[in-house]
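The values are calculated or read from the model by the stated rules, or taken from the named source; none is laboratory data. Keep in mind that this is a model prediction, so the values were computed, not measured. With ideal geometry, Cβ positions are generated from the backbone for all residues, glycine too; neighbour counts draw on all protein chains shown.
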């Protein structure tokens with residue numbers, strides 16, 4: 001597979017766990033975690049809203065909730081960011097439920113190429129349009145799995161932690177979604 005996964009070393013996660021424990025003892029010590037993750041969480045939310053002001057508001061809520069709930073966090077062998085992404089994902093979903101709007105799907109070229117590799121298709125502009133149309137038909141939970149795996153390039157372990165499912169379930173569900181997407185694309189190709 002051509003995807004370059006964002007891997008985090010065990011040593012880094014253990015150092016980070018020490019920072020989390022410091023923040024649990026003294027909320028003022030949350031700042032290093034905030035400084036490290038504000039920009040990636042902002043980008044994660046922005047890809048789902050495409051509105052800078054809304055993204056800033058939701059991002060503020062994410063870090064406020066993280067700070068309020070830091071004492072409930074426990075180390076589970078994945079980066080602290082997985083917990084933040086889960087909060088961010090919930091906040092974005094809550095926003096769209098409250099406003100009853102459909103959320104945005106934003107795809108970078110590298111993500112598109114990774115998905116085409118997984119779908120075993122040729123890289124064409126027509127396929128790109130079909131892929132975007134197919135993404136629009138996915139249920140929220142399915143879309144989240146595809147986004148985390150391909151757009152955010154998260155490992156299945158991180159996908160599982162963020163979505164609250166097992167790692168094996170994350171793999172199985174992601175590949176089933178890809179199979180359904182393949183069938184939709186094949187059907188629409190035959191219709192055209």
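Quick look at the numbers
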read-out	value
Residue under evaluation residue 64, criteria (1) in a helix (DSSP H, G or I); (2) in contact with a helix residue (DSSP H, G or I) (Cβ under 9 Å, 6 or more places away or on another chain), criterion not met	(2)
Residue match in the range 135-142 (condition: assigned to a helix (DSSP H, G or I), closer than 18 Å to residue 79 by Cβ, in contact with a helix residue (DSSP H, G or I) (Cβ under 7 Å, 6 or more places away or on another chain) and at pLDDT 85 or above)	no
Lone unmet requirement of (1) surrounded by fewer than 19 Cβ atoms within 10 Å (Cβ to Cβ); (2) assigned to a helix (DSSP H, G or I) for residue 165	(2)
Qualifying residue in the range 125-134 (condition: touching a helix residue (DSSP H, G or I) at 6+ places or on another chain (Cβ under 7 Å) and at pLDDT 80 or above)	yes
Output for the range 37-73, where each listed residue is in contact (Cβ under 8 Å) with a residue 40 or more places away in the chain and under 19 Å from residue 22 (Cβ atoms)	37, 67, 70, 71, 73
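One line per residue, one yes/no per condition, for (1) touching a strand residue (DSSP E or B) at 6+ places or on another chain (Cβ under 6 Å); (2) in the same structural domain as residue 130 (by TED's automatic domain parsing); (3) more than 21 Å from residue 43 (Cβ to Cβ); (4) touching a residue at least 12 places away in the same chain (Cβ under 8 Å):
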position	(1), (2), (3), (4)
142	no, yes, yes, yes
148	no, yes, no, yes
151	no, yes, no, yes
154	no, yes, no, yes
162	no, yes, no, yes
165	no, yes, yes, no
171	no, yes, yes, yes
178	no, yes, yes, yes
187	no, yes, yes, no
